[in-house]
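Notes to accompany the following structure.
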Amino acid sequence: MRSPAVSVAPDCRVIDAVRLLMETGRRGLPVVDHSGVLVGIVSEGDFLRRIELETAPRDRPWFDAIFGAGESAMAFARAYGRRVDEIMTRDPVCVAHDADLTEAIALMEGRHVAQIPVVSNGAVVGMISKAELLSAVERRFDQSTGSGRGVRDDILAAIRKQSWTAGAIVDVLVTNDEVQMWGVIVDRNQRNALKALIENVTGIERISDHLKVRDELPH
């Protein structure tokens, strides 16, 4: 998540919320009342249909006649509102700070939102958005292909020097403090030998074994 959370009060002026979004580079701001309770969220999408941009929605009498005036009234408030509580999305979906990442992603997908407030003991402690997810992907990618690249090269070079690896096709993936072994071996004893080799080359003891024995593969 992105922390600390930058929030606004319900009676904050819309122009001040716009400026805060621009100054902080945030895509959305949680709206918190005087007691610290999350009551809404205001985001970039709330400013797409604004009178200042001449993009305010037009009157649709036929729509109101069929579905009622509630939707049109809400759209008018969002287009002309001068305070955050007039344009914000109320009762936003949120996620606990100790929730699994998959829960946050499921909420984003299910609610079709790009960001979610993160709460702890009722207080907003951060925001998680698609931007944070992209950053996490980048960090993990760097760990597996950047900082781990030298270690991987060392392991593969050591494997190629061993006569007992004859016939085996082995690759490794290095992430953080773990080495994953992938490929096909021709003898079960090669499995433990490869583990011992990796431990001695890297000092890493956390090794995930995904090796297959050739004779046990389906024909």
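Coordinate-derived values only; no laboratory data. Just so it is clear, the structure is predicted and the values come from calculations on it, not from any experiment. Backbone-built Cβ (ideal geometry, glycine too); neighbour counts: all protein chains shown.
Neighbours of VAL31 by Cβ distance under 9 Å: Lys/Arg scored +1, Asp/Glu scored -1, total -1. Ordered by the number of other Cβ atoms lying within 10 Å of each residue's own Cβ, fewest first, GLU71, GLU23 fall into the sequence GLU23, GLU71.
Roughly how many whole Å is it from the C-alpha centroid of region 39-90 to that of region 186-200? What the calculation gives is 65 Å, centre to centre. With the contact rule set at Cα under 8 Å and sequence spacing of 6 or more, what percent relative contact order holds for region 1-137? This gives 29 percent for region 1-137. Efficiency by 1/(1 + (r/R0)^6): what FRET value for VAL213 and SER135, r their Cβ-Cβ distance, R0 = 25 Å, to the nearest 0.05? The computed FRET efficiency comes out at 0.05.
With 0.36 nm allotted per residue and the present C-alpha distance subtracted, the THR55-SER163 stretch has 31.7 nm of extension available. Gain on full extension, evaluated as 0.36 nm per residue between THR89 and LEU156 minus their Cα-Cα distance, stands at 18.7 nm. Here the dipole of the chain is about 420 debye; that uses its Cα centre as origin and unit charges on the Cβ of Lys and Arg (positive) and Asp and Glu (negative). Each of VAL18, ALA5, GLY70 was placed along the dipole of the chain (beta-carbon charges, centred on the mean Cα), and the one lying farthest toward the positive end is VAL18. For P(r) over Cα pairs in 5 Å bins from 0, in percent, the value computed from the atomic coordinates appears in the list (i) 1, 6, 11, 12, 11, 9, 8, 7, 7, 6, 6, 6, 5, 4, 2, 0, 0; (ii) 1, 7, 16, 20, 22, 17, 11, 5, 1, 0; (iii) 1, 6, 13, 17, 18, 15, 12, 8, 5, 3, 1, 0, 0 under label (i). The helix-only estimate of mean residue ellipticity at 222 nm for the chain, built from DSSP H runs of length n ≥ 4 each weighted as -39500 (n - 2.57), is -11500 deg cm²/dmol after division by the residue total.
Among LYS195, LYS212, sorting on how many other beta-carbon atoms sit within 10 Å of each Cβ, with the fewest leading, yields LYS212, LYS195.
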